[in-house]
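*Asks:* Please see the structure below; I have some questions.
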Amino acid sequence: MIRSATILVLAATGLFAGRVDAASQTPPLDAPLPNASVLLERALANERKLAAEREKYDCRITDRTIETDGKGNTRKDTTVVSDLFYVNGIPIERTLQKDGKELSPDDQRKQDDRVMKDTLKYSDQSKAREQEDKDNQELEDFIEAMMLANGRRQIVDGRSVLFYEIVPNPRFNAKNLNQHLAQVMQGKVSLDEQTGELIDINVTSVADLKIGGGLVANFHKGLWLHIHNQPRSDGVWLTDLAEGSGDARAAIFLHPYFRFKETADNCHLYSATATQVGPVEVVKQH
């Protein structure tokens with residue numbers, strides 16, 4: 001769920017990661033603000049440059065999804081715990097527990113097979129880049145359909161942070177589902193000015209949206225999505241929270257009435273090296 005929701009609200013890669021240079025210069029508070037396209041280019045360039053940084057991280061993901069009926073009564077409450085790691089910048093999750101129970105041997109085997117398949121696939125840099133380009137295009141499509149208004153700059157912990165209101169772009173002709181959805185979303189977003197990286201976004205749909213007469217997608221007013229990122233001590237940003245709720249029927253939402261909350265913790269930074277000690281010995285079979 002986190003990846004679909006994140007793509008819809010500016011984060012293009014599941015758990016979002018990027019490095020921030022603590023020694024960067026801070027612009028004056030009254031300096032002109034960069035436009036949205038400049039910030040987007042900064043973010044995409046930073047993501048491409050730092051894809052290798054993700055390889056060093058492994059995080060524990062807890063995803064709780066509650067499906068309800070039209071009156072708000074709970075129909076299904078599911079909690080899934082997974083491990084997340086990156087291969088050539090592409091996030092891969094392996095489910096560990098479901099509703100507090102370990103997976104059965106058969107389900108563990110299926111998880112291992114899927115993870116191995118994805119790992120081999122994205123070990124091919126051309127395949128990883130193809131997926132990255134697809135995610136980035138979805139991000140660009142979403143950004144084009146909205147506008148950043150009433151921007152202001154504030155210095156937070158020594159860094160320049162940009163705060164904007166998100167409003168639809170009335171002059172934009174939407175061409176796909178992401179863009180149509182972006183045109184009914186309003187809210188607030190904060191961005192790191194130097195890198196363009198997302199810090200926090202909180203958006204809500206302000207009108208109903210039907211695609212194909214409601215057969216392809218049907219989003220009701222009040223669909224809410226929120227994502228927050230925080231920096232690690234080494235300067236890499238990781239998503240620590242994604243949550244949302246609403247009444248929506250589309251491929252990205254598996255149930256018309258839902259609430260979800262996904263948190264990331266226990267993120268570990270790995271730096272492994274291997275050193276051969278002594279000569280190689282051939283073991284003969286007897």
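Every read-out reported here was derived from the displayed coordinates using simple, explicitly stated rules and does not represent laboratory data. Predicted, not measured: the structure shown is a model, and the values here were computed from it. Virtual Cβ from ideal backbone geometry, glycine too; neighbours counted across all protein chains shown.
*Asks:* Under unit Cβ charges (Lys, Arg +1; Asp, Glu -1), what dipole magnitude, rounded to 20 debye, does segment 48-171 have relative to its Cα centre?
*Replies:* 260 debye
*Asks:* Which translational diffusion coefficient, to the nearest whole µm²/s, is obtained for segment 79-179 from the Stokes-Einstein equation, given a Kirkwood hydrodynamic radius over C-alpha pairs, 10 °C and 1.306 mPa s?
*Replies:* 91 µm²/s
*Asks:* Could you compute how fast segment 110-254 diffuses translationally, taking Rh as the Kirkwood radius over C-alpha pairs and applying Stokes-Einstein at 20 °C with viscosity 1.002 mPa s? Give it in µm² per second.
*Replies:* 123 µm²/s
*Asks:* Return the distance in nm (one decimal) between the two label points of a simple spin-label model at residue 104 and residue 127, each offset 7 Å from Cα along Cα→Cβ.
*Replies:* According to this spin-label approximation, the distance is 2.9 nm.
*Asks:* Along the Cα→Cβ direction, 7 angstrom out, place labels at residue 233 and residue 175. What is the inter-label distance in nm?
*Replies:* Each label point lies 7 Å from its Cα, and together they span 4.7 nm.
*Asks:* A further question on this structure: Can you compute log10 of I(q)/I(0) for segment 136-201 with the Debye formula, treating each Cα as one identical point scatterer, at q = 0.21, 0.24, 0.26 Å⁻¹?
*Replies:* -0.85, -1.01, -1.10
*Asks:* At 7 Å along the Cα-to-beta-carbon direction for both residue 134 and residue 69, put a label point, then send me their distance in nm to one decimal.
*Replies:* 3.8 nm
*Asks:* Which stretch or stretches of segment 61-76 have amide N atoms under 20 Å from the point lying 7 Å from residue 114's Cα along the Cα→Cβ direction?
*Replies:* Answer for segment 61-76: 61-67, 76.
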